[in-house]
Amino acid sequence: MEPPTPPKVKAVEVVAAQPTQADSTTIAALSEQMSKPLPQVAYLVKLRLETMPPATSHGWALYVDDFRIPKYWAYKNGIYFKVFDPQFFADHKGKRFRFSQDGSEFIDTGMKLAPPASTAAKAKTGKSTLPLQSKILK
């Protein structure tokens, strides 16, 4: 049986958004755990796919270089995951997105992680100026 074809990523976009109530709870817990205040911002990292892969019992794990993204979700044009600590972008800037089914063989997407534009400015202006996640994921 031929192995399934990995998703093809056409574009990557990082957008700062208002956190949901659940996100705010997560941000508060992470702030306490890390002993540093995190901004009330949810960064959505959207990977636009050529086509959505079929649902199978052996899904594709998403990585940024060697860091496995623990959870991602589908949206109309692809998949996305959330980042709550802006340090993630500094730690992984320029690293390649990769897919794997077994954690040892990787398929490079050809796309790299870049920080969101004007992250600090958006975070300081307050969440009321940030778009809702539902609008970003339409």
Checked ASP108, ASP102 against criteria (loosely packed, with under 15 Cβ neighbours inside 10 Å and touching a strand residue (DSSP E or B) at 6+ places or on another chain (Cβ under 7 Å)); the one match is ASP108
Would you check which residues across the stretch 8-39 are over 18 Å from the mean Cα position of the chain (by Cα), closer than 18 Å to PHE89 by Cβ and either assigned to a helix (DSSP H, G or I) or small (Gly, Ala, Ser) (or both) and list them?
SER31, MET34
Inside the stretch 112-138, can you point out the residues that are modelled with pLDDT of 85 or more, surrounded by 11 or more Cβ atoms within 10 Å (Cβ to Cβ) and small (Gly, Ala, Ser)?
ALA114
Return the pair list, or none, for Cβ contacts closer than 6 Å from residues in the stretch 6-26 that are over 24 Å from ASP108 (Cβ atoms) and surrounded by fewer than 19 Cβ atoms within 10 Å (Cβ to Cβ) to residues that are modelled with pLDDT of 95 or more and hydroxyl-bearing (Ser, Thr, Tyr), at least 6 apart or on different chains.
none
Could you say whether any residue in the stretch 15-34 is charged (D, E, K, R) and either on the phi > 0 side of the Ramachandran plot or in contact with an Asp or Glu (Cβ under 9 Å, 6 or more places away or on another chain) (or both)?
no
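Looking only at the stretch 55-87, which residues are touching a residue at least 40 places away in the same chain (Cβ under 8 Å) and over 17 Å from ALA11 (Cα atoms)? Reasoning before the result, please.
Restricting attention to the stretch 55-87, the residues satisfying the condition of being touching a residue at least 40 places away in the same chain (Cβ under 8 Å) are 56, 58-61, 63-64, 75-76, 78-80, 82-86.
Across the stretch 55-87, the qualifying residues are THR56, HIS58, GLY59, TRP60, ALA61, VAL83, PHE84, ASP85, PRO86.
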Among the residues that make up the stretch 51-58, is at least one of them more than 17 Å from the chain's Cα centre (by Cα) and surrounded by 14 or more Cβ atoms within 10 Å (Cβ to Cβ)?
yes
For the stretch 59-93, enumerate the residues that are touching a Leu at 6+ places or on another chain (Cβ under 6 Å) and either surrounded by fewer than 14 Cβ atoms within 10 Å (Cβ to Cβ) or among the small types (Gly, Ala, Ser) (or both).
GLY78
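Before we move on, is THR5 over 25 Å from THR129 (Cα atoms) and over 14 Å from the mean Cα position of the chain (by Cα)?
Values: over 25 Å from THR129 (Cα atoms): yes; over 14 Å from the mean Cα position of the chain (by Cα): yes.
It is true that THR5 is over 25 Å from THR129 (Cα atoms) and over 14 Å from the mean Cα position of the chain (by Cα).
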If ALA55 meets every condition in (1) in a loop (DSSP other than H, G, I, E, B); (2) in contact with a strand residue (DSSP E or B) (Cβ under 9 Å, 6 or more places away or on another chain); (3) of a type in the set (A, V, I, L, M) apart from one, which number is that one?
(2)
Hey, any hits in the stretch 40-47 for a residue that's modelled with pLDDT of 90 or more, closer than 25 Å to ALA22 by Cβ and not in a strand (DSSP E or B)?
yes
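The values are calculated or read from the model by the stated rules, or taken from the named source; none is laboratory data. Not measured: the values here are computed from a predicted model. Glycine gets a Cβ as well: all are built from the backbone with ideal geometry, and neighbour counts include every protein chain shown.
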